[in-house]
Amino acid sequence: MPSQPRRVAVIDIGKTNAKVALVERGLEKAVHRAPNAVLRDGPYPHYDTERLWQFILGSLADLNREAKIEAISVTTHGATAALIDAKGGLALPILDYEHDGPDTLAAGYDAARPPFAETGTPRLPVGLNLGAQLFWQARAFPEEFARTAAILMYPQYWAFRLTGVCANEVTSLGCHTNLWDYRKDDYSTLVDRLGWRGLMAPVRPAADVLGPILSEIAAATGLDPATPVHCGIHDSNASLLPHLTRRKQPFSVVSTGTWVIAMAIGGEAVDLDPARDTLVNVNAFGAPVPSARFMGGREFEMLLGADPTPPSEADVAAVLAIGTLLTPAVQRGSGPFASQRSGWIGDEPQRGRRAAAASFYLAMMAATALELIGARGSTVVEGPFAANAAFLKMLAAATGRDIVAAGSATGTSVGAALLAAGEGGGASDGAAEVVITSPGGEWEDYARRWRAAVA
């Protein structure tokens, strides 16, 4: 294998969809996609890991026939862990973090969890705090939990399936889990208080090679048995990684998907408010990153259906002229306005005008998130919303700063590929990026009216 691979297969497991992408020189050359289903059988709702595994193996085999895969990297959503037993199987199914089981033991968990100052983790509902998931699983299923030999973060679970090597990594450990003390760069007091330190796999850098693929993986996929597998990374931090290596501070990144994650680099020092879904993420180099989040992709789907289409220019102009506003929060329980009830100001629009108003709403939510974390400089938008012109223009109007629409269809796969390919594996220039400045006028008026309505 070459010392710096050019063609990297990225296993990219999002909350709603999974993909395996072949990335070469910072560009996706081929992508296989599948829905990330949640099974309702068994002890609780859980991910269909065996179906995902077959999808991964089949995709690796197909992509390798198209172009020889030289390395594998993994990125996944957060708030998820695998409990591995002594035989390498699952002691319990991998819990869907939207299950409300952990809420039944909320009082006990609240008494055990560390303060916000230690972990940068706000108290979140359902299983969004990974520590709350583990706390609940240990008490609700004590016999099964007792069979746990290793606790792996979700990217490292898939790396384990490929290599047989157990590891953990800081971007997933530091992602609103209560498990990681970012100040000390070590597991938090919660891990020791509950006796889990001996179960936590060794922490490795995201770019570390855990090993070559197992022989049975090589046989099933046709990959070279020496194909290296890198440790892996949390998806929002995968989106952030290329910018950390080549962009001048200050700047911010808004990573979009089911979740919209805003991350500020070199911004203004602010006191984060955990009640408004701000938090401290940890980037691939182990440094703390002020962040804020809301479930923007889910909200867009709730408003427009499973395949939302960006609005036309005529729809946008109509909504600006009429002044229809959507207030938060469409998805209650997360984001900067978690406890508020969403509503329309003006007649509730339909079809294209509804898409325009929803795009403006999401832009204003993103602008609020950026303000809460002290963002400065340009803002890079990654993922699906980078193709939504109404969202980008309203975000520019609301922040008064340049918005950079990233050229790649997904920042996560390209960022994860850098773990294997290094800085030289990124896109060589910014030709695919588009810079949007504030349109001013009625756009900025709309942003002011939205803020006044929410206040």
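The values are calculated or read from the model by the stated rules, or taken from the named source; none is laboratory data. Source: prediction; values computed, not measured. Don't worry about glycine lacking a Cβ; one is built from the backbone with ideal geometry, like all the others, and counts go over all protein chains shown.
Condition check: touching a residue at least 12 places away in the same chain (Cβ under 8 Å), on the phi > 0 side of the Ramachandran plot and not basic (Lys, Arg). Does residue 37 satisfy that? It is false that residue 37 is touching a residue at least 12 places away in the same chain (Cβ under 8 Å), on the phi > 0 side of the Ramachandran plot and not basic (Lys, Arg).
Among the residues of region 1-20, just one is surrounded by fewer than 17 Cβ atoms within 10 Å (Cβ to Cβ) and not in a loop (DSSP other than H, G, I, E, B), namely 17. A count restricted to region 339-372 and to residues that are crowded, with 22+ Cβ neighbours inside 10 Å and either within 18 Å of residue 319 (Cα to Cα) or not assigned by TED's automatic domain parsing to the domain that holds residue 277 (or both) stands at 11. Against the numbered list (1) part of a loop (DSSP other than H, G, I, E, B); (2) at pLDDT below 95; (3) of a type outside the set (S, T, N, Q); (4) buried (at least 24 other Cβ atoms within 10 Å of the Cβ), residue 375 comes up short only at (2). Restricting attention to region 359-367, does a residue exist that is among the aromatic types (Phe, Trp, Tyr) and part of a helix (DSSP H, G or I)? Scanning region 359-367, I find at least one residue that is among the aromatic types (Phe, Trp, Tyr) and part of a helix (DSSP H, G or I), so the answer is yes.
With a requirement of 2 or more residues that are at pLDDT 95 or above, surrounded by fewer than 18 Cβ atoms within 10 Å (Cβ to Cβ) and not hydroxyl-bearing (Ser, Thr, Tyr), the helices (runs of 4 or more DSSP H) lying completely within region 121-232 that satisfy it span 130-140, 142-146, 189-193, 215-221. Taking region 63-106 as the range and being within 17 Å of residue 153 (Cα to Cα), acidic (Asp, Glu) and buried (at least 21 other Cβ atoms within 10 Å of the Cβ) as the test, only 96 passes.
To keep it simple, each residue is scored yes or no on (1) assigned to a loop (DSSP other than H, G, I, E, B); (2) crowded, with 16+ Cβ neighbours inside 10 Å; (3) in the same structural domain as residue 99 (by TED's automatic domain parsing); (4) out of contact with any strand residue (DSSP E or B) (no Cβ under 7 Å at 6 or more places or on another chain).
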site	(1), (2), (3), (4)
22	no, yes, yes, no
33	no, no, yes, no
53	no, no, yes, yes
58	no, no, yes, yes
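Set side by side, the residues 432, 427 differ, and just one is in the same structural domain as residue 325 (by TED's automatic domain parsing), assigned to a loop (DSSP other than H, G, I, E, B), at pLDDT below 95 and out of contact with any strand residue (DSSP E or B) (no Cβ under 8 Å at 6 or more places or on another chain), which is 432.
On the basis of being in contact with an Asp or Glu (Cβ under 9 Å, 6 or more places away or on another chain) and acidic (Asp, Glu), does residue 301 make the cut? Taking the combined requirement at face value, the residue satisfies it.
In region 125-144, the residues that are closer than 15 Å to residue 199 by Cα form Cβ pairs under 8 Å with partners that are basic (Lys, Arg), at six or more places apart or across chains, as follows: 131/113. Filter region 39-51 down to the residues that are part of a loop (DSSP other than H, G, I, E, B) and among the acidic types (Asp, Glu), then identify the one that is surrounded by the fewest Cβ atoms within 10 Å (Cβ to Cβ). Result: 41.
Report whether or not residue 306 is surrounded by fewer than 19 Cβ atoms within 10 Å (Cβ to Cβ), of a type outside the set (D, E, K, R) and free of Cβ contacts under 8 Å to residues at least 40 places away in the same chain. For residue 306, the condition - surrounded by fewer than 19 Cβ atoms within 10 Å (Cβ to Cβ), of a type outside the set (D, E, K, R) and free of Cβ contacts under 8 Å to residues at least 40 places away in the same chain - is met.
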